[in-house]
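First comes the structure, then the notes that go with it.
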Amino acid sequence: MKTLLFFSTALGCASAVLAQTPTIPPAAIQIKTAVLAAPVNKRDSATVYGYSPKNEFVLLRQGTNELVCLADDPAQKGLNVACYHKDLDPFMARGRALKKEGKKADEILKIREEEVKGKILLMPEHPSTLFVYRAKDENYNAKTGDVKDGYLRYVVYIPYATAESTGLPTKPEGPGMPWLMDAGTHRAHIMINPPESSSDHH
């Protein structure tokens, strides 16, 4: 009885571990889906980061243009990929590093703000774009990289921009209308969210 109980417990633990280990798509599939966030003419030459078979965050492809793309996190449901201007990479990479250390969102915000003010972390002095593309789990095939009914939104970082310097409202006032979020801070950015009804951008 004890042997059977031990075997059942061990099997249950092994099943739990296997269930927690995400299936990592091949690099080609990760690249295919990651660049869906980028403008079509930028996709073939963008740098792409993703996940190794051991679920390590790695460089999948070195690009030659100004965009850096991030593959979907295989541990999360659905598809969520992003591409951004390479000059934003120090800011984005610092956020990933702090998250890996176990820091919470508010801690990451505070640390990066202090580092930007202290000139330790440099933000681009020019407007820099971030593209975010997502799709629901049922609309994404991780084996083939096929996606339907995806949604693409846009963010333009302009550090320390204000409503006065841009002429933009600081809250959304209509479908798809640009607005300024975190105005006056190091991470001030223009939000552009197209209406969901016109969301198929793949």
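Structure notes:
- Cβ-Cβ distances below 6 Å connect the following pairs, each with a first residue in the range 138-149 that is more than 14 Å from VAL35 (Cα to Cα) and at pLDDT below 95, a second residue that is in a helix (DSSP H, G or I) and of a type outside the set (A, V, I, L, M, F, W, C), and a separation of six or more residues or different chains: LYS148/ASN139; ASP149/ASN139.
- The set of residues in the range 164-189 that are outside any strand (DSSP E or B), within 24 Å of ARG112 (Cα to Cα) and not aliphatic (A, V, I, L, M) comprises SER165, THR166, THR170, LYS171, ASP182, GLY184, THR185, HIS186, ARG187.
- Residues considered: VAL147, VAL156. Of these, the only one that is closer than 21 Å to LEU70 by Cβ, in contact with a Ser or Thr (Cβ under 6 Å, 6 or more places away or on another chain) and surrounded by 14 or more Cβ atoms within 10 Å (Cβ to Cβ) is VAL156.
- Across the range 150-180, the qualifying residues are those that are touching a helix residue (DSSP H, G or I) at 6+ places or on another chain (Cβ under 8 Å) and of a type in the set (Phe, Trp, Tyr), and the one among them that is nearest to VAL35 (Cα to Cα) is TYR151.
- Hits in the range 164-196 - residues which are surrounded by fewer than 15 Cβ atoms within 10 Å (Cβ to Cβ) and not acidic (Asp, Glu): SER165, GLY167, PRO169, LYS171, PRO172, GLY174, PRO175, GLY176, MET177, GLY184, PRO194, PRO195
- In the range 150-161, residue nearest to PHE91 (Cα to Cα) [restricted to those that are free of Cβ contacts under 8 Å to residues at least 40 places away in the same chain and assigned to a loop (DSSP other than H, G, I, E, B)]: ILE158
- Test for HIS85: is it farther than 24 Å from PRO25 by Cβ and within 15 Å of the chain's Cα centre (by Cα): yes
The values are calculated or read from the model by the stated rules, or taken from the named source; none is laboratory data. Quick caveat, the model's predicted, so the values are computed rather than measured. Every residue, glycine among them, receives a Cβ derived from its backbone with ideal geometry; neighbour counts consider all protein chains shown.
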